[in-house]
Structure formats: structure tokens, C-alpha cells
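What follows draws every value from the coordinates through simple rules; no lab data is involved. Only a predicted model underlies this, so the values are computations on that prediction, with no experimental measurement involved. Methodologically, a virtual Cβ is constructed for each residue, glycine included, from the backbone with ideal geometry; neighbour enumeration extends over all protein chains shown.
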Amino acid sequence: MRKYFFLIAAIVLLLDRITKWAVAGNIALHDSVAVVPGFFRLTHVQNTGAAFGLFAESSAQWKAGALVLFSVLALVVVCALLWKNGHSLSTTTIGLSLILGGAMGNLWDRLFAGHVVDFLDFYVGSYHWPAFNVADSAIVVGALLLVSEILFAKPSSETVKSSS
């Protein structure tokens, strides 16, 4: 069963690499291509910070190292959780697989380019969501799956019996 989880992560990584390569090769830095006018465009930006541009403006010398270290630690934790829970297909393991693939995609950028390529740019009027990428999307969807598992998990029969 574990091979499927690592396959999901590999697919996320591959999609992330392909889309970032296509954007970097076809859209000049800071240029945009309107997809749905007034709502969505592809905009080539380079993010030296964390998700959604957090800490991007920081000039701290330790920022890049801290982001790489955090990513590596997250990968280790997610891999350990996948290995431990890898006996069945569940919302938890799919969520962890998506997080693993996304974390690998952004770590790849940080290690080999010093920044992450972001390009999915949503906005409505003057409200503008920070640009993001496929890896960020996979991480958010994976995290939402984990939260939904926690919030909506049905108690096992053993838990119900022990609490009566």
C-alpha cells in the first residue's frame, strides 16, 4: 500500500516541476497572462519566503536555511507518519501524500534556485490572494484532508465502549 502514497507524492512533484518549468519558460518574471479576466491570471513571481509570501521581505541571513531546515523536518515527519499509517488507504494517508509531494516540490526550488516559483494568481477587485503554485495547493488540500479527518472521524467501537 505504501507505494501508492509515494506514487501520489511523486505525481504531485512531477506536476509541480512541469508547471513551474512551463511558467518560467513562457512568462517573463512579473508578467501575467489573464485566464479569467477579473478573477484569475498566471503571473510569474519568485517567492524567497514561505507559503503565500510570508517572510519574503525579510533580509535575515538565516531565512533561507531555516526554510530549508523546516522543509526537511516536515518531510521526515510526514514520511514517518506515512510509513506508520501506510497499511491502508485513508483520508489521512492521502492528505500526508499530498503534503509530502508539495513539500518536496517547494524544497526542490529552494535548494536549486534559492526561491520558489509561484504563478496561480487569484483576485477580485482590489482583493488579491498571494500567488501560489501546485505544491502549495497540494499542501493545503492535504492539510484540509487531515483536518477533516480529525473533525469528522467516526469514533471506533472500542472508543465508544470504553467511554460508557
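A few remarks follow.
- Summed residue charge, Cβ within 13 Å of ILE11's Cβ, Lys/Arg positive, Asp/Glu negative: +1
- Cα gyration tensor category, rounded, prolate or oblate, for the range 79-139 with a/c compared to 1.5: oblate
- Karplus 3J(HN,Hα) series, Hz, for the range 79-88 with 6.51 cos²θ - 1.76 cosθ + 1.60 (x for Gly, Pro): 4, 4, 5, 5, 5, 5, 9, x, 7, 8
- Seen from GLY86, the other residues with C-beta closer than 15 Å to its C-beta sum to a net charge of +3, counting Lys and Arg as +1 and Asp and Glu as -1.
- Amide H to amide H distances under 5 Å link HIS44 with HIS30, ASP31, where only residues 5 or more positions off or on other chains count and H is placed in the peptide plane.
- Of the peptides 101-107, 67-73, the ranking by mean beta-carbon count within 10 Å, highest at the top, reads 101-107, 67-73.
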